[in-house]
Amino acid sequence: MNKEDFLKRLEDALTDVSEGEKAEALQYYRDYFEDAGPDKEEEVLASLGAPEEVARNIKEEGTFCEYTEKGFQDGTTQSANAVVVPDQMSSSQNGDQGNANTSSSSQTTKSSDSTTTAVVIIIAILTSPVWVPILFSIFGAILSCIGCFIGFAISGVVLAIAAIITLVLGITCLFSSPALGAIVIGIALILGVAAILFVLLTVVICKYFIPFLVDCVKKFWNWIFKKKKEGAVA
Amino acid sequence: MVFNTGAALLDAIVLAVVSKDMEGTYGYKITQKVRSVIEISESTLYPVLRRLQKDACLEVYDQECAGRNRRYYKITEQGRVQLNLYEAEWRKYSDKIMGLFEKGVVDE
């Protein structure tokens, strides 16, 4: 038997193996002979043994099952957790292994995450007749608050303008009829005070109430988000 | 050899051999190096290399050599992590056994 005979018999023996797998194995053993060199061909052939034996080795260990400390394991389940990290190893590990461990554990939580996320989405859709109107009313309330603030601000500005106009009018009236002028100036001052009040109110709203509202919304959002997260973990 | 080489130890030895060549190394060379350390048949290594490749501990590439393509094996980052783990575990294991042999110490 020479190299070519060996490869031919190996090919024939690799029956229930995928084409890709077969090509890989044949390539490997062809390489192997080439790298050993022609003068070592006899030696390699003797050491490799029967091609059928080599094929059985490939089929059993490579694709279907393999021998481990826990006995024979199915190749398909083995590949699911590519890198085997026995539990007792996790107690004493250096940084690199810690990484390996966390990456494998995060993978498992990720897969359970996706299922719980699906459940959360389904529940969210089913309960939508309840929370959609609530959400809309909250949104509406916020919007009306904002409308009120804008109203206050505009009132302040308009009152201020009115106060200035009235003041100018009052001063001009003061020359023709001092009494009427005094009244008009008095009205202007009242308008001015009202304008200042509205402006102050707007400032207070902008400074304190809006951040408070934003904070509330944030807290509410975080609360919902946290609940979702907790649900996902559980 | 008197002692059996389990799948994990064989993986560790192969990863260690491959990791020593930064540019990667090929099947025949790996086999010779592994065989200089432990007694295994020449056909044992291909399934191990294939499995390590599937587990993403090794990556392969083909490079032209003397008018043909030779397949090279190179350790991946994941392979290095796995090798570190094997080394640490082996150290623990062999220390315990050596402790027992030399001093009769048994950790409890």
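The values are calculated or read from the model by the stated rules, or taken from the named source; none is laboratory data. Since we're looking at a predicted model, the values are computed, not measured. Reconstructed Cβ throughout: ideal geometry from the backbone, glycine too, with neighbour counts over all protein chains shown. These area figures cover heavy atoms from the full protein model, side chains too; ligands, DNA and RNA do not enter into them. Shrake-Rupley method; radii C 1.70, N 1.55, O 1.52, S 1.80 Å.
A few comments on the model shown:
- Of all the options B:Tyr61, B:Tyr26, B:Tyr73, the one that moves most in a Gaussian network model of chain B with Cα springs shorter than 10 angstrom is B:Tyr61.
- Probe 1.4 Å - accessible area at A:Leu126, Å² to nearest ten: 130 Å²
- Every Cα-Cα pair in chain B was counted, and those over 18 Å apart are 54% of them.
- Relative to its residue count, segment B:66-108 spans a Cα convex hull of 92 Å³ per residue.
- Two-site FRET efficiency, A:Thr15 against B:Lys54, from Cβ-Cβ distance with R₀ of 35 Å, rounded to 0.05: 0.95
- Coordinate range along principal axes, alpha carbons of segment B:31-90, Å, largest first: 43, 28, 16
- Helix B:7-19 axis, angle to chain B major axis (alpha carbon atoms, nearest 10°): 50 degrees
- Based on Cα contacts under 8 Å between residues 6+ apart, chain B shows a relative contact order of 28 percent.
- Panel note: the C-alpha atoms of segment A:121-233, placed on their principal axes, show extents of 81, 24, 13 Å (largest first).
- Solvent exposure of A:Cys206, expressed as accessible area, is near 80 Å², computed with a probe of 1.4 Å over the protein chains only.
- Between the C-alpha center of segment A:120-158 and that of segment B:47-103 there is a gap of 61 Å.
- Most to least accessible of B:Met22, B:Met98 (protein chains only, probe 1.4 Å): B:Met22, B:Met98
- With all protein chains in place and ligands, DNA and RNA left out, the 1.4 Å accessible area ranks A:Trp223, A:Trp131 as A:Trp223, A:Trp131, largest first.
- Amide N of segment A:114-150 lying under 18 Å from the label point, which is placed 7 angstrom from the Cα of A:Phe209 along Cα→Cβ: A:138-150
- The label point for B:Glu39 and the one for A:Ala194, both projected 7 Å from the Cα toward the Cβ, are 10.9 nm apart.
- The simple spin-label model puts a point 7 Å past each Cα toward its Cβ; for A:Cys216 and A:Ser114 those points are separated by 4.1 nm.
- Rounded to the nearest 100, the interface formed by chains A and B buries 3100 square angstrom of accessible surface, both chains summed, with a 1.4 Å probe.
- Largest-first ordering by accessible area, 1.4 Å probe, given options A:Val157, B:Val60, B:Val18: A:Val157, B:Val60, B:Val18
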